[in-house]
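Report on the following structure.
The values are calculated or read from the model by the stated rules, or taken from the named source; none is laboratory data. Here the structure is a predicted model, which is why all the values come from computation and not from measurement. Virtual Cβ from ideal backbone geometry, glycine too; neighbours counted across all protein chains shown. Please note that ligands, DNA and RNA were not included when accessible areas were found on the heavy atoms of the full protein model with its side chains. Shrake-Rupley method; radii C 1.70, N 1.55, O 1.52, S 1.80 Å.
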Amino acid sequence: MKRVIAIALLLASFTEAKVITIIDNGVERKISIPTAPDGVSARMVEKRQKSIIVAFKKGVNMDIAAFSAKYNIILHKKLSIGYYIFQNRSSLSDIELISKIQKENRNRIKTIRPNWGFNNRPR
């Protein structure tokens, strides 16, 4: 009986969050986005366009201007460690944009994730 309750609680926790896939340092990771009880995403992460962080693999020559024009994003800052922070200006949410970019550029991207800070929590 305890197992049934534990499984039910586990399934209930998955229904309360949306799971997305990001690439972090070459490794696919799944993170969950908590949802509010009324069905609205926590802090409206789905609706707001924030920014995404992208790092390309070593040895890959990437034209940043063409990349940003293709996905309708604007380069906000280039970090000294090789990461790029892009502002999302497209009609897609950050989550949809990340999914689209990682599907089309899997061989070139080392890291792509939302710019949510630490613990992968929406701000």
- prompt: Mind checking which pairs have a first residue in segment 83-109 that is of a type in the set (K, R) and a second that is crowded, with 19+ Cβ neighbours inside 10 Å, Cβ under 7 Å, 6 or more apart or different chains?
  reply: R89/I73; R108/F56
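Rundown of residues vs (1) at pLDDT 80 or above; (2) β-branched (V, I, T); (3) assigned to a loop (DSSP other than H, G, I, E, B); (4) buried (at least 16 other Cβ atoms within 10 Å of the Cβ), yes/no style:
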| site | (1), (2), (3), (4) |
| --- | --- |
| K30 | no, no, no, no |
| I33 | no, yes, no, yes |
| D38 | no, no, yes, no |
| R48 | no, no, yes, no |
| I53 | yes, yes, no, yes |
| K70 | yes, no, no, no |
| I74 | yes, yes, no, no |
| Q102 | yes, no, no, yes |
query: Taking the condition closer than 25 Å to K18 by Cβ, open to solvent by 80 Å² or more (accessible area, probe 1.4 Å), at pLDDT below 90 and not in a loop (DSSP other than H, G, I, E, B), does R43 pass?
result: yes
